[in-house]
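The values are calculated or read from the model by the stated rules, or taken from the named source; none is laboratory data. This structure is a prediction, so every number in the text was calculated from the model and none was measured. With ideal geometry, Cβ positions are generated from the backbone for all residues, glycine too; neighbour counts draw on all protein chains shown. Ligands, DNA and RNA are excluded from the accessible area calculation, which covers all protein heavy atoms including side chains. Shrake-Rupley method; radii C 1.70, N 1.55, O 1.52, S 1.80 Å.
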Amino acid sequence: SPVTGDNVTNVSAAISGLTIGTTYHYRIKAENSVGTTYGNDMTFTYLYFGANYQGGLIFYIDETGMHGLVCAPTDQSSGAEWGCNGTTITGADGYDVGTGYQNTLDIINGCPTAGTAAKICYDLTLNGYDDWYLPSYSELGLVLQNIKKAGLGDFTEANYWCSTEFNNMNAYAWEFTFIATPYEYGKAVLERVRAIRSF
């Protein structure tokens, strides 16, 4: 891009043919009659929502642009209990992005019942990965926003469990319907399950 004067100028270049998950290097090159100079070596990793990457579909990318979360490409259950109705699971109240894994561990430790939503995710081996877990309230909300609403992920118009407990009788589930909102449901209710993992 030709520039004139000595003012700060934004420049850009269109690129194509990038490979998902690959880190690319770039730098600015400036030439004039005096000579040539180069800017600092910079990098970026090519990731985007909905891409198939490390066993699932990317639905969250952190501020580094190199790490994030993927959801499994299909459901792990069409109807499972959250589990341990009437029991408060200490620690399974993480709400934010990054808390689903610890919630899942806390559920497994406090409610070792087979066939629960957290246990299904924790025991999952899929596409070469065995570190899946039940998403937290906010993590599942991002799956809804960035994958389901984009028409990806083969989701059913139904409720999906979160790993976030509400109280001893209820836990959160998101309605993956036109309502697209979270509610507290009885832990014994059968809801759908979709696992996630971090990369």
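Within the stretch 112-199, report the GluC sites (Glu not before Pro) that DSSP leaves as loop and that have at most 15 other Cβ atoms within 10 Å. Intermediate values should be presented prior to the final figure.
Working: sites: Glu139, Glu157, Glu165, Glu175, Glu184, Glu191; in loops: Glu157.
Answer by residue number: Glu157.
Given the C-alpha atoms of the stretch 83-199, compute the convex hull and give its volume per residue in Å³.
For the stretch 83-199, the hull spanned by Cα atoms encloses 94 Å³ per residue.
Using only the alpha carbons of the stretch 1-73, determine the length spanned along each of the three principal axes and report them from longest to shortest in whole angstroms.
Result, largest extent first: 55, 21, 18 Å.
Calculate, for the chain, the solvent-accessible area per residue in square angstrom, rolling a 1.4 angstrom probe over the heavy atoms of the protein chains.
54 Å²
Taking the alpha-carbon centroid of each part, what is the distance from the stretch 95-130 to the stretch 3-45 in angstrom?
So the separation of the two Cα centres works out to 44 Å.
What is the extension gain from Tyr38 to Thr19, computed as 0.36 nm multiplied by their sequence separation minus the C-alpha to C-alpha distance, in nm to one decimal?
Answer, rounded to one decimal: 4.3 nm.
Can you give the accessible area of His25, probe radius 1.4 Å, in Å² rounded to 10?
Result for His25: roughly 120 Å² accessible.
Which angle from 0 to 90°, rounded to the nearest 10, does the C-alpha axis of helix 137-146 make with the longest principal axis of the chain?
The angle comes out at about 50 degrees.
Can you list the HN-Hα couplings for the stretch 82-91, worked out from phi with the Karplus curve (6.51, -1.76, 1.60; θ = phi - 60°), rounded to whole Hz and with x for Gly and Pro?
In residue order, the calculated couplings are 5, x, 6, 4, x, 10, 7, 9, 4, x Hz.
Checking the cross-link filter: which lysines have an alpha carbon closer than 22 Å to that of Lys119, excluding same-chain neighbours under 8 positions apart?
Partners within reach: Lys187.
How long is the gain from Asp96 to Asn10 if the chain were fully straight, where each residue apart is worth 0.36 nm and the alpha carbon distance is subtracted?
27.4 nm
Working out 0.36 nm times the residue gap between Thr113 and Lys29, then minus their Cα-Cα distance, what length gain in nm do you get to one decimal?
Once the chain is fully extended between Thr113 and Lys29, it gains 24.1 nm.
Rounded to the nearest percent, how much of the accessible area of the chain (1.4 Å probe, protein heavy atoms only) is carbon and sulfur?
For the chain, the apolar C and S fraction of the accessible surface comes to 49 percent.
Going by a ≥ b ≥ c, the root eigenvalues of the Cα gyration tensor, does the stretch 84-127 fall in the rounded group (a/c under 1.5), the prolate group (a/b larger than b/c) or the oblate group?
oblate
Show me the chymotrypsin sites (Phe, Trp or Tyr not before Pro) within the stretch 16-92 that DSSP assigns to loop and that have at most 13 other Cβ atoms within 10 Å of their Cβ.
Those satisfying the criteria are Tyr48.
Could you give the size of the charge dipole of the stretch 119-199 about its Cα centre, using +1 on the Cβ of each K and R and -1 on the Cβ of each D and E, expressed in debye and rounded to the nearest 20?
On the way: 7 positive and 10 negative charges, 19 e Å.
Charge dipole of the stretch 119-199: 100 debye, to the nearest 20.
Taking the alpha-carbon centroid of each part, what is the distance from the stretch 133-148 to the stretch 49-91 in angstrom?
Distance between centres, Cα-based: 6 Å.
Which Cys residues of the chain have no other Cys Cβ less than 4.7 Å away and so no disulfide-compatible partner by this rule?
Cys71, Cys121, Cys162
Specify the angular offset, from 0 to 90 degrees and rounded to the nearest 10, of the alpha carbon long axis of helix 100-110 from the longest principal axis of the alpha carbons in the chain.
20 degrees
Would you mind giving the average projected area, over all directions, of the Cα convex hull of the chain in nm² with one decimal? Walk me through the numbers before you get to the answer.
Working: hull surface 56.8 nm².
Convex hull of Cα atoms, orientation-averaged projection: 14.2 nm².
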